[in-house]
Amino acid sequence: MAASTPVQKTEEEWRLVLSPEQFRILRHKGTELKGTGEYNKFYEEGVYKCAGCGTPLYKSDTKFDSGCGWPAFFEGFPGAINRSPDPDGRRIEITCAACDGHLGHVFKGEGFKTPTDERHCVNSVSVKFIPANSAALL
């Protein structure tokens with residue numbers, strides 16, 4: 001479900017389509033405050049798309065309560081999410097494969113009872129939830 005064509009925009013073009021907070025997080029690798037994101041304790045059926053470009057990233061049935069203060073998923077759609085080490089090498093950053101928007105970080109081996117033993121710790125502002133019964137899901 002990854003976008004077939006990369007989304008490339010100038011910084012000014014991104015500023016026109018993103019809120020200041022989305023721009024800070026998606027384009028400048030920021031982080032929202034722990035426990036403040038709208039999807040932290042949100043569990044409805046649907047799909048989470050990239051807030052920057054609309055690429056589907058996660059199905060709601062991969063979301064779980066990790067207690068970390070940010071939305072947590074155990075896997076994304078194949079090919080939709082890129083991983084790369086942070087400059088300090090301590091964490092693995094996750095970004096949208098289509099627009100390179102910063103989503104958060106992925107952690108492995110924390111012992112969560114999920115199929116992948118991974119926790120994608122995602123900023124709520126980096127994603128947009130589309131309900132299962134919505135025409136926008138298609």
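Name the residues whose placed amide hydrogens come within less than 5 Å of the amide hydrogen of VAL7, ignoring near sequence neighbours (fewer than 5 apart) on the same chain.
Correct list: CYS99.
Compute all pairwise cysteine Cβ distances in the chain, then list the cysteines with no distance under 4.7 Å to another cysteine.
That list is CYS68, CYS121.
Which chymotrypsin sites (Phe, Trp or Tyr not before Pro) from segment 1-75 combine a DSSP loop assignment with at most 12 other Cβ atoms within 10 Å?
Details: sites: TRP14, PHE23, TYR39, PHE42, TYR43, TYR48, TYR58, PHE64, PHE73, PHE74; in loops: TYR39, PHE42, TYR43, PHE74.
Passing sites in segment 1-75 are TYR43.
Starting at the first residue of segment 34-49, write each ³J(HN,Hα) from the Karplus equation 6.51 cos²θ - 1.76 cosθ + 1.60 with θ = phi - 60°, in whole Hz, x for Gly and Pro.
3J(HN,Hα) across segment 34-49, in whole Hz: 3, x, 9, x, 5, 9, 4, 10, 10, 9, 10, 7, x, 10, 9, 10.
Note down the relative contact order for the chain as a percent, whole number, built from C-alpha pairs under 8 angstrom at least six residues apart.
Values: 293 pairs, mean separation 40.4, N = 138.
About 29 percent, as a whole number.
From the phi angles alone, apply the Karplus equation (6.51, -1.76, 1.60; θ = phi - 60°) to segment 7-21 and give each ³J(HN,Hα) in whole Hz, x where the residue is Gly or Pro.
8, 10, 9, 6, 4, 5, 5, 5, 4, 6, 9, 10, 5, x, 5
Using the beta-carbon distance between ASP61 and ILE92 and R0 = 25 Å, what value does 1/(1 + (r/R0)^6) give for FRET efficiency, to the nearest 0.05? Each step should come with its number before you reach the end.
Details: r = 23 Å, r/R0 = 0.92.
With R0 = 25 Å, the Cβ-Cβ based efficiency is 0.60.
Go ahead and run the numbers for FRET between THR36 and GLU110, Cβ-Cβ distance against an R0 of 22 Å, rounding to 0.05.
The value I calculate is 0.50.
Coordinate-derived values only; no laboratory data. Just so we're clear, the structure is a prediction, and the values are computed from it rather than from any experiment. Every residue, glycine as well, gets a Cβ built from its backbone with ideal geometry; the counts of neighbours run over all protein chains shown.
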